[in-house]
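Take a look at the structure set out below.
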Amino acid sequence: MFIKLINLIVLISRGNSLLRSFQIIECKSIILSGISIEFGASKNNNKNFNTHFDGKSNFWLSNIYNIKNQNYIKINLTKKFKINKNYFNNVLIFNVLEHLEDSNLFFRDIKKSIKKNGYIIGSTPFLYQIHKAPLDYYRFSKDFFYKTKKKFDYKKVIVKSLGYGPFTASYSIMFGLIKFFPIFREVILILSFILDSFVQIFVKTNLKEIYPIGYFFILKK
């Protein structure tokens, strides 16, 4: 746990939010191979999540922008879309689902494009500020991903709660205000972690399950 805290501090010192830092740490534990696509990809590849996975996967990028890149596909996830059947081994979708008015459309249509035993890997915020891109519709709980697995007949789902507890969640919400103050922002994170660890002594349920700043999920076709 302390090693993860140190990694979080390092990532935050590099300009990442707490939520993104947790997401990056989860990505680094996964090895990808085959053909992958990242939805919601940025024009600046340094901001994309595919760079944080190990392995030798061939990545395609997708968004609604017009980008001149041979490995780029322009797709609007708010509308019905088609990609070659059984083409991708892995699909990445980070911090995108909350911006879709109908996320069911994505989980239904993308399944056709994933190879047998392929994966959807992604993350969504929960206790997190409103962030329009251009609109912010939803926050998803663990139950949503379990229901999605059953509804669209995926073989398996893994959902991880991101965070430590109420103080860390409060830190995440305030991050937009304190991110411009180096050292201070790191000290506040450490204090939040200490307070959550202290409160956890008196609470049976894992606090991050009650106060998650987000969720990291994996769906297997």
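Please treat every number below as a calculation from the coordinates, not as lab data. In this text, all values refer to a predicted model and were calculated from it rather than measured experimentally. All Cβ positions, glycine included, derive from the backbone under ideal geometry; neighbour counts span all protein chains shown.
Here are a few things to note about the model shown:
- Proximal aspartates and glutamates relative to LYS204, as straight alpha-carbon distance under 19 Å, when same-chain residues fewer than 8 apart are discounted: ASP196
- For GLU186, net neighbour charge (Lys/Arg +1, Asp/Glu -1) across residues whose Cβ lies under 13 Å away: +3
- In terms of its C-alpha gyration tensor, the chain comes out prolate, because a/c is 1.5 or above and the ratio a/b outweighs b/c.
- The chain: most fluctuating residue of PHE198, PHE175, PHE106 per GNM, C-alpha cutoff 10 Å: PHE198
- Nonlocal amide H pairs with ILE73, under 5 Å, H built at 1.01 Å: LEU61, SER62, ASN63
- Pairs of Cα atoms nearer than 8 Å and 6+ residues apart set the relative contact order; for segment 46-112 it is 28 percent.
- Shape call, segment 176-221: gyration tensor on alpha carbons, a/c limit 1.5: oblate
- Extension gain (nm, one decimal) between LYS150 and ASN58, 0.36 nm per residue minus Cα-Cα: 30.2 nm
- Formal net charge of residues neighbouring SER29 (Cβ-Cβ distance under 14 Å; K, R +1; D, E -1): +1
- Over the chain: helical MRE at 222 nm, DSSP H runs n ≥ 4 each giving -39500 (n - 2.57), nearest 500: -10000 deg cm²/dmol
- Of LEU177, LEU100, LEU77, the residue with the greatest mean-square motion in the GNM of the chain, using alpha carbon springs below 10 Å, is LEU177.
- Anisotropy class of segment 2-62 from Cα gyration tensor, a/c 1.5 cut: oblate
- Whole-Å distance, taken between Cα centres, linking segment 59-103 and segment 143-221: 26
- Charge sum, other residues only, whose C-beta stays under 14 Å from LEU18's C-beta, Lys/Arg counted +1 and Asp/Glu -1: +3
- Linear extension gain, SER33 paired with VAL199, 0.36 nm per residue minus alpha-carbon span: 55.7 nm
- Pairs from LYS56/LYS179; LYS149/LYS179; LYS28/LYS85; LYS56/LYS111; LYS142/LYS179; LYS80/LYS149 whose Cα-Cα separation, in the structure shown, is over 25 Å: LYS56/LYS179; LYS149/LYS179; LYS28/LYS85; LYS142/LYS179
- FRET efficiency estimate (nearest 0.05) - Cβ-Cβ, LEU191 to LYS82, R0 35 angstrom: 0.10
- A Gaussian network model of the chain, with springs between Cα atoms under 10 Å, assigns the largest mean-square fluctuation among PHE167, PHE180, PHE140 to PHE180.
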